[in-house]
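Report on the structure given below.
What follows is calculated from the coordinates using simple rules that are stated; it is not laboratory data. Here the structure is a predicted model, which is why all the values come from computation and not from measurement. Every residue, glycine as well, gets a Cβ built from its backbone with ideal geometry; the counts of neighbours run over all protein chains shown.
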Amino acid sequence: MSCLFCKIIKGEIPCKKIYEDDQIFAFHDINPQAPVHVLIISKKHISGIPQLVIDDDALIGKIMRTAHKIAQQLNVADQGYRVVVNSGRNAGQEVFHIHFHLLGGRSMNWPPG
Ligand code: AMP
Ligand code: ZN
């Protein structure tokens, strides 16, 4: 498996890990776009939103609740934060292992660029 994020989960590529349980792994983005920029990923390899199946529904809900807990832990929950999943070319998806960007610590524009 040549997936970058699967290698990070296995510890084959270093990262700044901030959370892990049996299903979920979270670490700081290497190229942060905000004072807080964390990637929350499933341990199961799922390429992206189009590849989600019904059995993943609970996992995705858990990832969202985990995002809020991490936002609280990193002190950005009160002021607000953004959770983003890029899907496909127009959104600029670069890594095809589903990941949720947690961005916080600054105000953000809408619509995003
Ligand atoms: P996306 O464009 O949505 O596919 O996002 C991929 C994200 O992964 C980008 O924000 C990258 O900065 C980040 N990234 C790529 N390689 C690494 C790495 N080795 N460690 C942490 N984050 C990474
Ligand atoms: Zn993977």
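Quick look at the values:
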quantity	calculated
Selected residue (criterion: nearest to Ser47 (Cα to Cα)) from residues of the range 79-113 that are in contact with a helix residue (DSSP H, G or I) (Cβ under 7 Å, 6 or more places away or on another chain) and of a type outside the set (Val, Ile, Thr)	His97
Scope the range 1-27; condition among the basic types (Lys, Arg) and either within 14 Å of ligand 2 (Cβ to nearest atom) or touching a Gly at 6+ places or on another chain (Cβ under 7 Å) (or both); matching residues	Lys7, Lys10
Test: residue in the range 6-20 that is free of Cβ contacts under 8 Å to residues at least 60 places away in the same chain, outside any loop (DSSP other than H, G, I, E, B) and among the small types (Gly, Ala, Ser)	no
Of all residues making up the range 1-29, the number that are of a type in the set (Asp, Glu) and surrounded by 12 or more Cβ atoms within 10 Å (Cβ to Cβ)	2
Which numbered condition Pro35 fails, given (1) more than 24 Å from Arg89 (Cβ to Cβ); (2) away from ligand 2 (no atom under 14 Å from the Cβ); (3) touching a Ser or Thr at 6+ places or on another chain (Cβ under 7 Å)	(3)
